[in-house]
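The numbers here are math on the coordinates, done by the rules we state, and not lab data. Just so we're clear, the structure is a prediction, and the values are computed from it rather than from any experiment. Here the Cβ positions follow ideal geometry from the backbone for every residue, glycine too, while neighbour counts run over all protein chains shown.
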Amino acid sequence: MVNAKKMYPISVEYVFEHTYDPKDPTIRLIQDYCKMMEIKFCCRKYDSVQSTEDKALIEKLPAIHVYIQHVHATISYPDENPMESLYAIRNVYEKFDIEYMAYLAKRQIWNERLGLLKRMFRRDSSKTDLTSSKQIP
């Protein structure tokens with residue numbers, strides 16, 4: 001199956017306040033899901049100076065940022081409901097997977113049209129080409 005990451009690279013950032021426990025079941029759940037879906041995943045410390053998105057978007061910590069081509073798509077908070085973060089990631093992934101499939105369908109249609117045009121205008125298949133037709137003496 002073709003997936004959205006080929007056209008729209010999705011990445012997930014787990015943002016924490018001071019420290020995080022890599023054995024935390026919520027982090028493991030999100031990390032395992034991202035690994036299964038081949039989505040980039042990283043953990044980082046909250047930094048309002050370096051990351052303007054942290055200051056502007058995060059209401060509380062920990063937070064999960066979802067990006068598409070390095071553009072912020074959504075944010076969720078795993079402390080409320082750990083599954084909410086997975087749903088947010090999945091929704092972004094599925095939306096762009098559908099868009100990618102539509103793109104492939106359009107591309108296939110245009111490739112078929114281009115192939116037809118190429119066949120129509122090839123020199124050896126043209127019926128009006130006088131150089132390849134027999135002349136009557």
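Before moving on, here are some points about what is shown:
- Computed lengthening from T19 to E112, 0.36 nm per intervening residue step minus Cα-Cα distance: 28.0 nm
- Positive-end extreme of charge dipole, segment 4-120 - chosen from Y100, S76, P9 (charges on Cβ): Y100
- Over 32 Å apart at the Cα level, from the set K55/K106; K40/K106; K35/K106; K35/K60; K23/K95, are K55/K106.
- Measuring r between the beta carbons of D32 and Y103 and using R0 = 35 Å, the FRET efficiency lands at 0.75.
- Each label point was placed 7 Å from the Cα along the Cα-to-Cβ direction; for H72 and Y46 their separation is 1.4 nm.
- Dividing the radius of gyration of the alpha carbons in segment 4-120 by their Kirkwood radius gives 1.16 for Rg/Rh.
- Antiparallel bridge percentage (DSSP; both residues within segment 4-120; nearest 5): 65
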